Amino acid sequence: MTKKKTLEPHLRGIVDLVSSTIEEGTRQVEGVHRKIADIPFNVLKRVKPIAPLSSLAHMVEKKITHSAYNTVRKVSKVGAQVVHNVLPTDPSNHGISAPEYLTETTRPPRKDKPKK
């Protein structure tokens, strides 16, 4: 019996890699963004007449920025889940061989259709 080569497990791995890279990348960029945006707001907070207004503006800016980066992370997760849902969960049911790194014992038992 010859095994069919399949890209399905590799696609799942690539999807997970891209999703986790976006997750960590947006966290890093958000942190840098935060540090850069804090600089002018910290200066403005020291100016007594505008300190309350600048504090409020800083809080709004933080919430908007976090929401934007969080949205990118959520869209990435949803996209990854959609791809995983589209790919077959049991490749053998779809005529796709199991990945080479799986042994026969890890595959679910194949249900043969009764012959008529």
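Work out the count of Lys pairs in segment 8-100 where the Cα-Cα distance is under 17 Å, with the pair 8 or more places apart or on different chains. Show your work: numbers first, answer last.
Values: K35/K45; K35/K62; K35/K63; K45/K62; K63/K74.
Total qualifying Lys-Lys pairs in segment 8-100 comes to 5.
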From the backbone phi of segment 35-43, what are the Karplus-calculated ³J(HN,Hα) couplings (6.51 cos²θ - 1.76 cosθ + 1.60, θ = phi - 60°) in whole Hz, Gly and Pro given as x? 5, 5, 5, 5, 4, x, 5, 5, 5
Return the distance in nm (one decimal) between the two label points of a simple spin-label model at V75 and S20, each offset 7 Å from Cα along Cα→Cβ. 2.3 nm
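Report the extension gain between V83 and E61 in nm, rounded to one decimal, defined as 0.36 nm multiplied by the number of residues separating them, less their alpha carbon distance.
4.6 nm
Coordinate-derived values only; no laboratory data. This one's a predicted model, so the numbers in the text were calculated from it and none came from an experiment. Note that each Cβ is placed from the backbone with ideal geometry, even for glycine, and that neighbours are counted across all protein chains shown.
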